[in-house]
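Heads up, the thing below is written out as structure tokens.
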Amino acid sequence: MTRNSEEADTRGRHPIRTLLRLAVFAGVAFSVGRFVARKKQEYAGLTESQARDKLMAKMTPKLGDDTAAEIADQVIPKLKERGLIKPDPIEEAADKLAQAADEAKENVTEAADEVAEAVDSVVKD
């Protein structure tokens, strides 16, 4: 064989290797994408406490309580930020109640200030 024919054979195989590598890479990327989508679907629509319980049940036997709790404390807020899990109804109600209490406290403070001003104006007259 001549040198030119050897180079042609090498160049002929190279695109096939590239296509095979590309196909393997695409297959791996597709599999990872499907896995992530399934995991998102698994937690979608759960409340925060349900998602935490599910995550803890999966991780506790493998990692222990402390490590599983640390990981859950990091994962649950991320899922909440992305809108995959819903806040607990009790926690949501507690937040609304705390907001209402803060507003009521502000209103009482304003009313007390107005009463104090009215008393001061009556006493001065």
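Which members of the range 39-53 meet the condition of being surrounded by 15 or more Cβ atoms within 10 Å (Cβ to Cβ) and assigned to a helix (DSSP H, G or I)?
Within the range 39-53, Y43, E48, S49, A51, R52 meet the criteria.
Would a scan of the range 85-97 turn up a residue that is out of contact with any Phe, Trp or Tyr (no Cβ under 6 Å at 6 or more places or on another chain), modelled with pLDDT of 85 or more and either open to solvent by 50 Å² or more (accessible area, probe 1.4 Å) or of a type in the set (F, W, Y) (or both)?
yes
Looking at T60, T47, which one is among the hydroxyl-bearing types (S, T, Y) and within 20 Å of G83 (Cβ to Cβ)?
Step by step, each of T60, T47 is checked, and only T47 is among the hydroxyl-bearing types (S, T, Y) and within 20 Å of G83 (Cβ to Cβ).
When you look at L19, is it among the hydrophobic types (A, V, I, L, M, F, W, C) and open to solvent by 70 Å² or more (accessible area, probe 1.4 Å), yes or no?
Yes, satisfied.
The values are calculated or read from the model by the stated rules, or taken from the named source; none is laboratory data. Predicted, not measured: the structure shown is a model, and the values here were computed from it. We place every Cβ from the backbone using ideal geometry, glycine too, and count neighbours over all the protein chains shown. Just the protein is used for accessible areas: all its heavy atoms, side chains included, with ligands, DNA and RNA removed. Shrake-Rupley method; radii C 1.70, N 1.55, O 1.52, S 1.80 Å.
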